[in-house]
């Protein structure tokens, strides 16, 4: 494990409710998730950003001395650094220096499991690296040395740039093929008028746990950040018999860089295409309101902030102060308090989801032949049988069924309605 020093920066003109202690705590969570051994976390209140060192040369030298004293391997900044700032800081500090985006990409790389997820991570890493190659020619030239290898740096740099651009083009092409495949799947769902619901929320809010509780999906869960990177969609049977598609998505984060949202738009397509969002909130977290705001900032960037939303106030089992829950219910409209882990109050959540799509179902009575048990199986699978009677002349059934399926069966003369 790399011995790591964290540098938490709070800008004087930063307009948000995050205190420097909150930023430091989240940076520690990210670093721990990436497998770092945290030696220290220093806080820096910064009046203004300097173009060469972000925090100024004096602070960079101070960090360098601290790294020597504590035998630090890596320094992680809580902010995003430009290529110039990163190179200058690394030169003065004398240790590997990375910023918040690099840290997030490292976590994504650890958690990507599907081929598409790995491609998206590689694409984001290369897009991050490309502009930062500028000025590395001198460093690369030192790698050679000797006759026939003097000064290959800038030439080598151009080769690197070309290779990276070529690889970026290839990844974009491959990801477009995956997107077309998903588009075909979504078209089938839309042709069958299957409602699509997406779980959204801050990272580690409990989205994957909720998906498992509702659908027995078997999604991997962990008490760490960005456990889910690859989207997973499952069928959910509502109490009235209706089937919907519910999808887990990658967790959001405060100040999630725009270029990361762009790189992972394929992963977030389920959010954009959904008919309903379930916003999962960790009510036991002290920054629950800040987490909600961060989620809506990302939804706004995805142009999905106006979609219908149910707020699932999750982890009520961890709350000691139940009055706090009443306050949150007042703060968040259309909210249902749940515990995904203990499967508490999930029935109420299911009924709330059902209510949003109630006009898609129709209750009717039908008589089918004893020889058409395949239709009875279909009714059980796609709807809900309320009453069934086996009579001499056939099977009389009262049920609710999606209107599109009912009209299809009537059109094909598969069933006859009872007046």
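The values are calculated or read from the model by the stated rules, or taken from the named source; none is laboratory data. All figures in this text were calculated on a predicted structure; none of them were measured in a lab. Positions of Cβ are backbone-derived with ideal geometry, glycine not excepted, and every protein chain shown enters the neighbour counts.
General observations
- The one condition in (1) out of contact with any helix residue (DSSP H, G or I) (no Cβ under 8 Å at 6 or more places or on another chain); (2) surrounded by fewer than 21 Cβ atoms within 10 Å (Cβ to Cβ); (3) more than 23 Å from residue 185 (Cα to Cα) that residue 295 fails to fulfil: (2)
- Qualifying position, being surrounded by 17 or more Cβ atoms within 10 Å (Cβ to Cβ) and either in the same structural domain as residue 388 (by TED's automatic domain parsing) or out of contact with any strand residue (DSSP E or B) (no Cβ under 9 Å at 6 or more places or on another chain) (or both), among 262, 269: 269
- Single unsatisfied condition, residue 174 versus (1) part of a helix (DSSP H, G or I); (2) in contact with a helix residue (DSSP H, G or I) (Cβ under 9 Å, 6 or more places away or on another chain); (3) modelled with pLDDT under 85: (3)
- Any chance residue 382 is touching a residue at least 40 places away in the same chain (Cβ under 8 Å), over 41 Å from the mean Cα position of the chain (by Cα) and assigned by TED's automatic domain parsing to the domain that holds residue 413: no
- Flag for residue 199 being in a strand (DSSP E or B), under 30 Å from residue 317 (Cα atoms) and either in the same structural domain as residue 343 (by TED's automatic domain parsing) or in contact (Cβ under 8 Å) with a residue 60 or more places away in the chain (or both): yes
- Identity of the residue in the stretch 177-193, over 24 Å from the mean Cα position of the chain (by Cα) and surrounded by 11 or more Cβ atoms within 10 Å (Cβ to Cβ), that ends up modelled with the highest pLDDT: 193
- Residue check, residue 338 surrounded by 17 or more Cβ atoms within 10 Å (Cβ to Cβ), in contact with a helix residue (DSSP H, G or I) (Cβ under 8 Å, 6 or more places away or on another chain) and at pLDDT 90 or above: yes
- Residue within the stretch 204-221 that is assigned by TED's automatic domain parsing to the domain that holds residue 278, at pLDDT 90 or above and assigned to a loop (DSSP other than H, G, I, E, B) present: yes
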